[in-house]
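Report on the following structure.
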Amino acid sequence: MEKFKKMKVSAIKNGTVIDHISAKDLFKIVEILNLEKVDNPITFGTNLESKKLGKKGVIKISDKFFLDKDLDKIAIISPKARLNFIRDYKVFGKKDLKIPNEIYGIVKCVNPKCITNFEKITQKFEVLKKDGEVALKCKYCGKITHKKNIILT
Amino acid sequence: MKNKSLVSITDFSLEEILKVLDRAKEFEKNTNQNILKNKVIATLFFEPSTRTRLSFESAINRLGGRVIGFTDPSSSSVTKGETLKDTIKTVSNYSDLIVMRHPLEGSAKYASEVSSVPIINAGDGANQHPTQTLLDLYSIRKTQGKLENLNIFFVGDLKYGRTVHSLLMAMSHFKPIFNFISPERLKIPEEYKMFLDSLKIKYFEHESFTDIISEADIIYMTRVQKERFADLIDYERTKNIYILKNEMLKNTKDNLKILHPLPRVNEIDIDLDENPKSYYFTQALNGVFTRQAIISLIMGL
Ligand SMILES: [Zn+2]
């Protein structure tokens, strides 16, 4: 049984494992990290059993480590996700994600009449929690972008 | 307040709001003062709004300042594709203060970030219009003798009406009771109700005018706009429910005043114009004194 579990998503030698992604958020994470443009070997797993989340997703990317900006993106979509850094098949570091209070750039404002959708402006959002989910309040137009509407810049 | 931009009513503290109102009172007594001599103020209207522009330009002229700018973007470099940033950077070299109105939301905040002179927001889309709020506060204080403990009725489009939202936020400093009269689809948004709940401010929602208006100190009317309705028949029916008529004021309080940001369509019957409880035209005049006060305080005068 233990062995079978390990085989579900194969191990990587060096790289990053993004674990504890809510299963429903997996493809959004793939999208926001722009993984379809990455050439490194990537393994996905989804609808895996998880005591904490019910169904979880996992992404394993060889030879890649993420920037803080990427971590903020993951935190906004799936705040319970955890990153494991792998070297020689061993975890040498873990990182729980923290939802930032403010985010810069990254996301487009949902309001089609917002100035930030017309001029080259670094977007600024205040991060609010609404019904347990992250919502982003535009510092320019004041409108709220909900998680389901998030589009990246 | 010196050199501070006014983008949203929340940019001003309670003390600063009261300072504006006190200064406006001085300008009402003594309207023509030459304190803006040798100052140049730009009025940039990226969308036309004759009423607001004239009010600002009257305020500037009565203070002896000079006005540059445009009244319609088709006559300016904006139509040649110039960015807002470049327009503001350029005009801030030519002026001491910029008053701007723009159809895009957040434009005034962005302008305040790139400008070397203060910005006064004269309306950015459906977002903010803080000088309207200040003149509304001035009108309320002037007619009621106070701002505290008033029963304020908002009528019409409470969902999209930016003047309603900003005035509600500003009045929340003064222990009000609010009554909201609107059709179901144009109800006051959830976030404002949450805001009032958090401050324990009492409010009541109604779908039509009832005897309840006998308790009003202020009735703030707004337009119900056709664009908000998918169905024209629904619009025609709805807009006629929210018309205030002279005979409806029979049992209202003596101190009641009817306010409206203007222009009106049909939501206030013209037979009410001669009733001393109607106040909307004087409210518009108060806009000049209030804008004089805002400009002079931002200029540090
Ligand atoms: Zn926005």
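The values are calculated or read from the model by the stated rules, or taken from the named source; none is laboratory data. Since this is a predicted model, take the numbers as computed values, not measurements. Note: ideal-geometry Cβ built from the backbone for every residue, glycine included; neighbour counts use all protein chains shown. Remember, those area values only see protein heavy atoms, side chains included, never the ligands or the DNA or RNA. Shrake-Rupley method; radii C 1.70, N 1.55, O 1.52, S 1.80 Å.
Evaluate the following for A:Ile103: is it within 16 Å of the ligand (Cβ to nearest atom) and surrounded by 15 or more Cβ atoms within 10 Å (Cβ to Cβ)? Reasoning before the result, please.
Details: within 16 Å of the ligand (Cβ to nearest atom): yes; surrounded by 15 or more Cβ atoms within 10 Å (Cβ to Cβ): yes.
Spelling it out, A:Ile103 is indeed within 16 Å of the ligand (Cβ to nearest atom) and surrounded by 15 or more Cβ atoms within 10 Å (Cβ to Cβ).
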Inset, instruction - Please state which one of B:Ala59, B:Ala108, B:Ala42 is in contact (Cβ under 8 Å) with a residue 60 or more places away in the chain, open to solvent by less than 40 Å² (accessible area, probe 1.4 Å) and away from chain A (no Cβ under 14 Å). - result: B:Ala59
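For B:Val78, indicate whether it is hydrophobic (A, V, I, L, M, F, W, C), modelled with pLDDT under 95 and either in a helix (DSSP H, G or I) or surrounded by fewer than 18 Cβ atoms within 10 Å (Cβ to Cβ) (or both).
Details: hydrophobic (A, V, I, L, M, F, W, C): yes; modelled with pLDDT under 95: yes; either in a helix (DSSP H, G or I) or surrounded by fewer than 18 Cβ atoms within 10 Å (Cβ to Cβ) (or both): yes.
For B:Val78, the condition - hydrophobic (A, V, I, L, M, F, W, C), modelled with pLDDT under 95 and either in a helix (DSSP H, G or I) or surrounded by fewer than 18 Cβ atoms within 10 Å (Cβ to Cβ) (or both) - is met.
Under 27 Å from B:Glu148 (Cα atoms) and surrounded by fewer than 17 Cβ atoms within 10 Å (Cβ to Cβ): does that describe B:Lys250?
On the way: under 27 Å from B:Glu148 (Cα atoms): yes; surrounded by fewer than 17 Cβ atoms within 10 Å (Cβ to Cβ): yes.
Taking the combined requirement at face value, the residue satisfies it.
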Legend entry - Which numbered condition A:Val134 fails, given (1) within 13 Å of the ligand (Cβ to nearest atom); (2) β-branched (Val, Ile, Thr); (3) modelled with pLDDT under 90: (1)
Inset, instruction - For the stretch A:121-132, state whether one or more residues are part of a helix (DSSP H, G or I) and open to solvent by 70 Å² or more (accessible area, probe 1.4 Å). - result: no
Inset, instruction - Run down A:Phe125, A:Phe92 and say which single residue is out of contact with any His (no Cβ under 9 Å at 6 or more places or on another chain) and away from the ligand (no atom under 14 Å from the Cβ). - result: A:Phe92
Inset, instruction - Using the structure shown, decide if B:Pro103 is open to solvent by 20 Å² or more (accessible area, probe 1.4 Å) and within 16 Å of the ligand (Cβ to nearest atom). - result: yes
Inset, instruction - May I ask you to list the residues in the stretch B:129-144 that are within 13 Å of B:Phe174 (Cβ to Cβ) and surrounded by fewer than 23 Cβ atoms within 10 Å (Cβ to Cβ)? - result: B:Arg141, B:Gln144
Legend entry - All helices (runs of 4 or more DSSP H) inside the stretch B:158-251 with 3 or more residues being more than 22 Å from the chain's Cα centre (by Cα): B:190-198, B:232-241
Inset, instruction - Looking only at the stretch B:263-271, decide whether some residue is basic (Lys, Arg), within 30 Å of B:Lys39 (Cα to Cα) and under 23 Å from the mean Cα position of the chain (by Cα). - result: no
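Determine if the stretch B:218-239 includes at least one residue that is in contact with a strand residue (DSSP E or B) (Cβ under 8 Å, 6 or more places away or on another chain) and surrounded by fewer than 21 Cβ atoms within 10 Å (Cβ to Cβ). Step through it out loud before you land on a result.
Of the stretch B:218-239, the ones in contact with a strand residue (DSSP E or B) (Cβ under 8 Å, 6 or more places away or on another chain) are B:218-222.
Okay, now just the ones that are also surrounded by fewer than 21 Cβ atoms within 10 Å (Cβ to Cβ), so none.
Looking through the stretch B:218-239, none of the residues is in contact with a strand residue (DSSP E or B) (Cβ under 8 Å, 6 or more places away or on another chain) and surrounded by fewer than 21 Cβ atoms within 10 Å (Cβ to Cβ).
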Legend entry - the stretch A:109-122, residues that are more than 9 Å from the ligand (Cβ to nearest atom) and either more than 19 Å from B:Glu82 (Cβ to Cβ) or touching a strand residue (DSSP E or B) at 6+ places or on another chain (Cβ under 8 Å) (or both): A:Pro112, A:Thr122
Inset, instruction - Check A:Lys64 against each of (1) open to solvent by 40 Å² or more (accessible area, probe 1.4 Å); (2) in contact with a Gly (Cβ under 7 Å, 6 or more places away or on another chain); (3) within 16 Å of the ligand (Cβ to nearest atom) and name the one condition it does not meet. - result: (3)
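Looking only at the stretch A:104-131, count every residue that is modelled with pLDDT of 90 or more and more than 14 Å from chain B (Cβ to nearest Cβ) and tell me the total.
Residues of the stretch A:104-131 that are modelled with pLDDT of 90 or more, as a first pass: A:108-127.
Remaining after also requiring more than 14 Å from chain B (Cβ to nearest Cβ): A:127.
Result for the stretch A:104-131: 1.
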Inset, instruction - Looking only at the stretch A:82-96, decide whether some residue is within 14 Å of chain B (Cβ to nearest Cβ), open to solvent by 40 Å² or more (accessible area, probe 1.4 Å) and not polar (S, T, N, Q). - result: no
Legend entry - Residue in the stretch B:195-209 that is nearest to B:Ser182 (Cα to Cα), counting only those that are surrounded by 10 or more Cβ atoms within 10 Å (Cβ to Cβ) and among the hydroxyl-bearing types (Ser, Thr, Tyr): B:Ser208
Legend entry - Flag if B:Gly300 is under 30 Å from B:Glu16 (Cβ atoms) and surrounded by fewer than 16 Cβ atoms within 10 Å (Cβ to Cβ): yes
